[in-house]
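*Asks:* Could you have a look at this structure, given as structure tokens, before my questions?
Computed from the coordinates by the stated procedures, all read-outs in this text should not be read as laboratory data. Everything numeric in this text was worked out from a predicted model, so none of it was measured. Here Cβ is always computed from backbone atoms with ideal geometry, including for glycine, and neighbour counts include all displayed protein chains.
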Amino acid sequence: MGGRGGEIGPDLTEVSLRRNNEDLRRAILRPSENLRPTPATMITIVDVNGRIYTGITKSTNHDPIQLVLANGDVIRIAQEDVEESTEQPLSPMPNNYADLLTVRQLSDLVAFLQQGPTTSNGQPEPTNSAEEATRP
């Protein structure tokens, strides 16, 4: 968000322009419910040595395949070393936030996402848009 963060998941900087509060709550609590096709897909690869890797594809149409693991590490696997590759139907986002977050924490997270882009000190980003500049 705001140019910070890892390589897994979408950029949430302007998520408030695309999603309302209820949509955000639903996406956080049930992330696999409305998956949209994206260039980055979660896959599981079994290599010729039987090692299993699951992560987000950074590149599959090149050799080697680049896979971003959950810990953020990027591994490269030569196409010839792939024994099996399976697209995963689930979001890489954890699906247990309902168990991990209190109602207040979830509300705070949604409010944070709805505030839109901010500067490094948490203040709203200045805008050059005439429309936004005239908002009260």
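*Asks:* Per q in 0.16, 0.17, 0.20 1/Å, what log10 I(q)/I(0) does a Debye calculation on the alpha-carbon atoms of region 36-89 return?
*Replies:* The Cα Debye sum returns log10 ratios of -0.40, -0.45, -0.63.
*Asks:* Same structure, new question: If you take the beta carbon distance between ARG4 and ARG76 as r and set R0 to 41 Å, what does 1/(1 + (r/R0)^6) give as a FRET efficiency, to the nearest 0.05?
*Replies:* Efficiency at R0 = 41 Å is approximately 0.95.
*Asks:* Within a 10 angstrom radius of the beta carbon, how do VAL68, VAL82, VAL103 rank from fewest other beta carbons to most?
*Replies:* Least to most surrounded, the residues fall as VAL103, VAL82, VAL68.
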